[in-house]
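Here the structure is laid out as structure tokens; the discussion comes afterwards.
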Amino acid sequence: MEKFLDIYGSLPRAGPGSDEITRRAYSVMHELPAAPRILDVGCGPGMQTIELLRLSRGTVVALDLLPQMLRRVEASAAAAGVSDRLVTVEQDMNSMTFPASSFDVIWSEGSIYLIGFEKGLTNFPGLLKPGGFLCVSEAVWLKPNPPLEVVEFWKEYPEIDFVEAKLRIIEQAGLELIDHFILPPEAWEENYYRPMWLKIAEKEREWEGDAEGLEVLRAAKDEISVFRRFSDYYTYAFFVMKKL
């Protein structure tokens with residue numbers, strides 16, 4: 001885990017996305033309170049957390065299981081001058097202890113896979129106030145019959161599916177779909193894969209002869225390679241939903 005975090009825990013983002021994408025998703029949530037209470041589930045290093053604090057003028061509760069990520073969020077919030085509206089919680093998203101109807105918005109960029117899309121859409125809405133919003137980004141197929149290498153890469157997350165299948169799950173969960181959109185390839189590159197590649201180059205020299213470290217680097221390089229060769233087969237989609 002230490003070597004893994006040396007790579008993935010040091011990046012600007014823990015997955016694909018951008019401030020522009022966060023703003024786009026936030027902009028379609030109408031009739032929010034002037035200072036909403038937002039839960040950022042699986043916040044990671046918190047780039048979207050800081051953007052939510054800027055956008056909302058409300059309170060953001062950043063939840064993550066890793067204390068290293070929460071420390072990064074706290075440092076970023078202090079640097080941005082918004083730490084007075086940030087609360088950090090070290091907790092597993094599978095066993096959150098907030099009272100029912102605690103939040104106006106639940107936000108999950110690139111992290112709902114840790115609990116699963118269907119289970120997240122079942123568990124999370126109970127923490128929303130009536131009329132509250134659930135905003136998540138989720139892995140989706142773009143076209144059928146992906147190469148075996150892509151199938152192998154995604155086998156650890158069997159819930160990846162086409163957007164149409166995700167929309168059916170949203171409907172079955174009793175949520176109103178407000179908007180959805182596909183993330184472009186640059187959402188993976190700018191704050192995720194490009195800085196990851198630079199980090200790999202740095203650590204290859206430092207970890208020479210370290211079998212554990214080199215295996216982490218190999219897996220990271222494979223992830224980048226699969227995406228750059230086959231990005232026409234998969235990406236993430238953003239879904240903005242409302243609790244009826």
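Side notes on the structure shown:
- Residues (farther than 14 Å from Ile38 by Cβ and polar (S, T, N, Q)) located in region 69-100: Ser76, Ser83, Gln91, Asn94, Ser95, Thr97
- Selection status of Lys143, surrounded by fewer than 19 Cβ atoms within 10 Å (Cβ to Cβ), at pLDDT 95 or above, closer than 30 Å to Thr122 by Cβ and not small (Gly, Ala, Ser): yes
- Of all residues in region 12-38, those that are among the aliphatic types (A, V, I, L, M) have Cβ atoms under 6 Å from Cβ atoms of residues that are modelled with pLDDT under 95, 6 or more apart or on another chain, in Ala35/Arg57.
- Region 23-43, residues that are farther than 15 Å from Arg57 by Cβ and hydrophobic (A, V, I, L, M, F, W, C): Ala25, Val28, Leu39, Val41, Cys43
- Filtered by the rule that a residue be buried (at least 20 other Cβ atoms within 10 Å of the Cβ) and assigned to a helix (DSSP H, G or I), region 35-54 gives Met47, Gln48, Thr49, Ile50, Glu51, Leu52, Leu53.
- Residue list for region 146-160, filter: in contact (Cβ under 8 Å) with a residue 24 or more places away in the chain and either surrounded by fewer than 16 Cβ atoms within 10 Å (Cβ to Cβ) or under 28 Å from Gly9 (Cα atoms) (or both): Pro147, Glu149, Val150, Phe153, Trp154, Tyr157, Glu159, Ile160
- Some residue of region 101-108 being under 16 Å from the mean Cα position of the chain (by Cα), touching a residue at least 60 places away in the same chain (Cβ under 8 Å) and assigned to a helix (DSSP H, G or I): no
- Contact map, region 162-173: first residue without any contact (Cβ under 8 Å) to a residue 12 or more places away in the chain, second residue of a type in the set (A, V, I, L, M), Cβ cut-off under 9 Å, separation 6 or more or different chains; pairs are Ala165/Val140; Glu171/Leu177; Gln172/Leu121.
- Yes/no for Gly58 being small (Gly, Ala, Ser), out of contact with any Pro (no Cβ under 9 Å at 6 or more places or on another chain) and modelled with pLDDT of 95 or more: no
- Only one entry in Leu70, Leu32, Leu63 is buried (at least 16 other Cβ atoms within 10 Å of the Cβ), at pLDDT 95 or above, in contact with a helix residue (DSSP H, G or I) (Cβ under 7 Å, 6 or more places away or on another chain) and farther than 19 Å from Ala187 by Cβ, namely Leu63.
- Of the residues in region 123-133, at least one is more than 20 Å from the chain's Cα centre (by Cα), part of a strand (DSSP E or B) and surrounded by 13 or more Cβ atoms within 10 Å (Cβ to Cβ).
- Taking the criterion of being surrounded by fewer than 20 Cβ atoms within 10 Å (Cβ to Cβ) and in contact with a Ser or Thr (Cβ under 6 Å, 6 or more places away or on another chain), the only residue of region 75-118 that qualifies is Arg85.
- Taking the listed residues Ile170, Ile178, the one that is touching a His at 6+ places or on another chain (Cβ under 9 Å) and part of a strand (DSSP E or B) is Ile178, with no other qualifying.
- Candidate set from region 11-29 (those that are surrounded by 16 or more Cβ atoms within 10 Å (Cβ to Cβ) and among the polar types (S, T, N, Q)); member that is nearest to Tyr234 (Cα to Cα): Ser18
- Glu208 being over 30 Å from Gly126 (Cβ atoms), part of a loop (DSSP other than H, G, I, E, B), acidic (Asp, Glu) and at pLDDT below 95: yes
- Sole exception among (1) part of a helix (DSSP H, G or I); (2) under 24 Å from Gln68 (Cα atoms); (3) among the polar types (S, T, N, Q); (4) over 17 Å from the mean Cα position of the chain (by Cα) for Thr97, by number: (1)
The values are calculated or read from the model by the stated rules, or taken from the named source; none is laboratory data. What you see is a predicted model; the values in this text were computed from it and never measured. Positions of Cβ are backbone-derived with ideal geometry, glycine not excepted, and every protein chain shown enters the neighbour counts.
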